[in-house]
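Before any comments, here is the structure.
The values are calculated or read from the model by the stated rules, or taken from the named source; none is laboratory data. It should be emphasised that the depicted structure is a prediction, and the values quoted were computed from it without experimental measurement. For neighbour counting, all protein chains shown are included, and Cβ atoms are generated from backbone atoms with ideal geometry for every residue, glycine included. In case anyone asks, the SASA skips ligands and DNA or RNA and just uses the protein heavy atoms, side chains included. Shrake-Rupley method; radii C 1.70, N 1.55, O 1.52, S 1.80 Å.
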Amino acid sequence: MSTFKLKEVELTADFACVITVYKEKDIAWPLVRALLAQDYSNYHIYLVADGIEEKMDLMEHEKLTIYQPKPFLNSKVASLGLVLKEMEEKHSHVVVFDPDNLVPSHFLRVISKFHANGFKAVQGKRIAKNIEGTYAALDALGEYYYDFAVRNLPFQLGSSSTIAGSGMSIEKNLYRENIDKELLTLEKHGVVVAEDKSLQSELVDQGHIIAYAGAAIIFDEKITGAEQIGRQRGRWLNSYFGQLPENLKLIGKGLIKMDWNRIYFAIMTAMPPMVVLVGLSGLLAVVALLINWIYFFLLTGSLILFALGFLLLLLLNKTPQKVLQAIPKIPLFVLGQISGMLNIRKASKDFMATSHNEIAEINDLWKQRKHEFKHLKNDWK
């Protein structure tokens, strides 16, 4: 579902495509090859290979620059800061990728249309790369849900999409300002858990609308084992609670200025993570049994409506059947997220990077999955 219409204007964006790798020597090469196959010419790829002792196997190309910092930076924010300092000044926008991402050939061209229409920040459609296996399918469920609920829908309603951490493009000077602030935080505290959360709040607070490019597909690797859930969700929960005060301030500013973008975006990002929201609602429903049956039925009814809404959004976002079949196994994922809550404090001192195991090339993946996005093909022209 994407009803936003762009004007036909000249495409002039010049992209710095930044890939940050940490310790995993070969994970990013499929993404590099996918970017080199883009049908848009104004871009350059910057690959930061941090935490790798042996020399990287160089892939020489005029559109590729590789940094292998010594001593190690041990930080995604520091890697981003390195590229922003060293990159060519001609670039107008920075596109951030995780090393496990893959993009089809239309990605940069679709993103550039939104920049040409005046948007300084754009988030692409991040979709699960791997959907085989129980935990990958369960992780993919959340991605399909959030892709619609907090990216597509808010933008269609005149507010801002959230930023997913990868597959987003930001006007270079705006991004430099944000990363400079995060570098100060890194110097002070030794770790920055989720720089994308502060970036999106700053952009909205400055009056920018973060666009959602529903036709700019970006595949993202999903977790494949239970042990990865706790690490990843611990980091995410830490970033949520760390950013909550700023979101509440943003709600206040939005109400004072009667700014729809600030109000809607801040309320949406201040909502507790799904496992916390549903868990507390269920607990309150049990307590309500001892207090008043009316409250019990109201809470239970709300949970049923939420479940129906969850299913509806998955269907609206054309979630693959393989992913929908994982719905009965959601309790397995919830148990992993509870483990993540125990890792919240640890995430304040350790970035807790997620390892990647699914290596694929975009040509093979796109042949298998292109049919899922046939409703978007007109937007790829």
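Do you know which residues across the stretch 173-184 are open to solvent by less than 10 Å² (accessible area, probe 1.4 Å) and under 20 Å from Ala116 (Cβ atoms)? If you could, list the steps in order and put the result at the bottom.
Filtering the stretch 173-184 for residues open to solvent by less than 10 Å² (accessible area, probe 1.4 Å) gives 175, 178-179.
Correct list: Tyr175 only.
Against the definition (of a type in the set (Val, Ile, Thr), under 30 Å from Glu372 (Cβ atoms) and in contact (Cβ under 8 Å) with a residue 12 or more places away in the chain), how does Val96 come out, yes or no? I'd like the intermediate steps shown before the answer.
Working: of a type in the set (Val, Ile, Thr): yes; under 30 Å from Glu372 (Cβ atoms): yes; in contact (Cβ under 8 Å) with a residue 12 or more places away in the chain: yes.
It is true that Val96 is of a type in the set (Val, Ile, Thr), under 30 Å from Glu372 (Cβ atoms) and in contact (Cβ under 8 Å) with a residue 12 or more places away in the chain.
Evaluating Lys346 against the criteria (1) over 18 Å from Val191 (Cα atoms); (2) at pLDDT below 90; (3) basic (Lys, Arg) leaves one unmet condition, (1).
Results for (1) loosely packed, with under 13 Cβ neighbours inside 10 Å; (2) touching a residue at least 40 places away in the same chain (Cβ under 8 Å), shown as yes or no for each residue.
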site	(1), (2)
Leu237	no, yes
Leu244	no, no
Lys253	no, yes
Lys257	yes, no
Phe265	no, yes
Thr269	no, yes
Trp293	yes, no
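Of Ile66, Ile27, all but one fail to be touching a strand residue (DSSP E or B) at 6+ places or on another chain (Cβ under 7 Å) and in a strand (DSSP E or B); the exception is Ile66.
With respect to the conditions (1) open to solvent by less than 20 Å² (accessible area, probe 1.4 Å); (2) at pLDDT 80 or above; (3) farther than 20 Å from Ala149 by Cβ, Gln206 lacks only one, and its number is (1).
Yes/no per residue for (1) among the hydrophobic types (A, V, I, L, M, F, W, C); (2) open to solvent by 40 Å² or more (accessible area, probe 1.4 Å):
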| site | (1), (2) |
| --- | --- |
| Glu24 | no, yes |
| Ala28 | yes, no |
| Tyr46 | no, no |
| Glu62 | no, yes |
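Considering (1) under 19 Å from Arg262 (Cα atoms); (2) in a loop (DSSP other than H, G, I, E, B), the lone condition that Ser166 does not fulfil carries the number (1). Against the numbered list (1) surrounded by fewer than 15 Cβ atoms within 10 Å (Cβ to Cβ); (2) more than 25 Å from Ala360 (Cβ to Cβ), Ser75 comes up short only at (1). If you go through the stretch 116-138 and pick out every residue that is within 29 Å of Ile263 (Cα to Cα), open to solvent by less than 20 Å² (accessible area, probe 1.4 Å) and assigned to a helix (DSSP H, G or I), you end up with 0. The residues of the stretch 3-22 include none that are within 15 Å of Val95 (Cβ to Cβ) and surrounded by fewer than 10 Cβ atoms within 10 Å (Cβ to Cβ).
Suppose we keep only residues that are part of a helix (DSSP H, G or I) and open to solvent by 100 Å² or more (accessible area, probe 1.4 Å) within the stretch 309-327. Which one would you say is nearest to Asn130 (Cα to Cα)? Walk me through how you get there before you give the answer.
Quick first cut of the stretch 309-327, residues part of a helix (DSSP H, G or I) only: 309-316, 321-324, 327.
Still in the running and open to solvent by 100 Å² or more (accessible area, probe 1.4 Å): 315, 321-322.
Numbers: Leu315: 19, Gln321: 13, Lys322: 11 Å.
My answer is Lys322.
Evaluate the following for Phe351: is it modelled with pLDDT under 65, of a type outside the set (Gly, Ala, Ser) and surrounded by 15 or more Cβ atoms within 10 Å (Cβ to Cβ)? Spell out the reasoning first.
Working: modelled with pLDDT under 65: yes; of a type outside the set (Gly, Ala, Ser): yes; surrounded by 15 or more Cβ atoms within 10 Å (Cβ to Cβ): yes.
Criteria met by Phe351.
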